[in-house]
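These notes concern the structure reproduced below.
The values are calculated or read from the model by the stated rules, or taken from the named source; none is laboratory data. Bear in mind the structure is a predicted one, so any value in this text is a computation, not a measurement. Positions of Cβ are backbone-derived with ideal geometry, glycine not excepted, and every protein chain shown enters the neighbour counts.
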Amino acid sequence: MARKRRLPYECYSCGKCFKSAQAVRGHRRHCRYPRLKRQAEAQAADQPVPVTRFGKRPGPLGQEGRLLALDVWEGLEQLQRTARHFRTVASCMAAMNFADEFERAKEWADIYRVFDDALRNFDPMLPSFCLDRGVLFGIYARIRHIKERWIKERVSSFFNPALEPDGLDEATRTMLCEEEAEFTRLIDLLKRLVVSAP
């Protein structure tokens, strides 16, 4: 069965694909994600800073929690876009019958699916800031586990036994450290969001 060809132009806000750049420009005027983000930021700016009371369950999500939720959404979206890029590259290499690329393409497809599912579960909570602590904890746990798989795949794609001490050159090592730092930041944001969820 022939595979359906992916549409070449994409809205970077919501991930929707289109046939032409003109269609993307038309869509962006009406794309709901930037509008929802602006509304949420404006609403968060109008809210007074809540007084923290120790010994009680937190109440409705305050300004800091709302900004935290937006930061988490942006971090998930950024890593999802990067994973989509790596998945596409690995699939192209596998289509050219390069050795070991079939397994790599399968692994990147699985990593991308985790981010896609996380965003799909997170999106309904964002516009109204009605957070589900159970769903957030599930996203937090999956992102923690996917970090190891991501770094392992990235290292294996650059590994060169001739390079000491870890088989990576200096530029690649720096790039991987930055990717790991991005994951660490997102995991920390998710942890704080789980704790602050009502």
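Each residue in the stretch 1-23 was checked for being outside any loop (DSSP other than H, G, I, E, B) and either within 16 Å of Arg84 (Cβ to Cβ) or modelled with pLDDT of 75 or more (or both), and 6 of them qualify. Restricting the stretch 84-123 to residues that are part of a helix (DSSP H, G or I) and of a type in the set (S, T, N, Q), the residue that is farthest from Leu70 (Cα to Cα) is Ser91.
Scanning the stretch 179-193 for residues that are farther than 18 Å from Arg154 by Cα and exposed (fewer than 14 other Cβ atoms within 10 Å of the Cβ) turns up Arg185, Asp188.
Residues satisfying the criterion are present in the stretch 91-114 (criterion: of a type in the set (S, T, N, Q), out of contact with any Pro (no Cβ under 6 Å at 6 or more places or on another chain) and within 18 Å of Glu153 (Cβ to Cβ)).
If you go through the stretch 176-198 and keep only what is touching a Pro at 6+ places or on another chain (Cβ under 9 Å) and not in a loop (DSSP other than H, G, I, E, B), you end up with Val195, Ser196.
Of the listed requirements (1) at pLDDT 80 or above; (2) loosely packed, with under 12 Cβ neighbours inside 10 Å; (3) more than 25 Å from Leu68 (Cα to Cα); (4) of a type in the set (D, E, K, R), Glu148 misses just one: (3). Residue selection: Glu41 satisfies the criterion of being modelled with pLDDT under 75 and surrounded by 11 or more Cβ atoms within 10 Å (Cβ to Cβ).
Look at the stretch 77-99: where a residue is crowded, with 20+ Cβ neighbours inside 10 Å and a partner is among the small types (Gly, Ala, Ser) and at pLDDT 85 or above, sitting 6+ places away or on another chain with Cβ atoms under 7 Å, you get Arg87/Ala109.
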